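The block underneath contains the structure these notes are about, expressed in structure tokens.
The numbers here are math on the coordinates, done by the rules we state, and not lab data. No experiment lies behind these values; they were computed from the predicted model shown. Quick reminder, even Gly has a Cβ in these numbers, built from the backbone with ideal geometry, and neighbours come from all protein chains shown.
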Amino acid sequence: GGRGEGATERAATHLKSHSFLLGAELARTAKFWTSQVNTVLQGCAHISNHLDFSKDYHGEEDRKIGAQILGKDGRELPPSQITKLLH
């Protein structure tokens with residue numbers, strides 16, 4: 001369900017209320033599944049945060065490099081000119 005009690009939890013509660021042993025196992029399975037899903041979501045959030053940081057950091061580095069590779073007239077040098085400077 002993600003918010004409150006989902007269909008599996010409701011089924012487990014209903015089965016337990018009628019003394020079915022399967023109800024307790026279903027509840028345990030749902031709890032385990034929810035734990036696993038939350039672990040995956042945390043991992044995704046961590047990766048997303050790292051990608052956002054990397055994009056911002058490297059974007060700033062690219063801007064710094066771009067600002068340093070300007071021609072005498074103040075305009076950006078085309079790649080062919082930059083290559084000539086490196087050789």
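Under a 10 Å cutoff between Cα atoms, tell me which one of LYS31, LYS64, LYS55 has the largest fluctuation in the Gaussian network model of the chain.
Ranking LYS31, LYS64, LYS55 by mean-square fluctuation puts LYS64 first.
Once you keep just the Cα pairs under 8 angstrom separated by 6 or more residues, what percentage relative contact order results for the chain?
13 percent
Take the Cα coordinates of the chain, assign each an equal point scatterer, and use the Debye formula without solvent to give log10 I(q)/I(0) at q = 0.18, 0.19, 0.22 Å⁻¹.
So the normalised log intensities work out to -0.86, -0.89, -1.00.
Using the Kyte-Doolittle scale, which helices in the chain average at least -1.0 and also have C-alpha atoms spread 18 Å or more along the helix axis, with helices defined as whole DSSP H runs?
21-68
What does the charge add up to near SER54, with Lys and Arg as +1, Asp and Glu as -1, over the other residues with Cβ less than 13 Å from its Cβ?
Charge balance near SER54 sits at -4.
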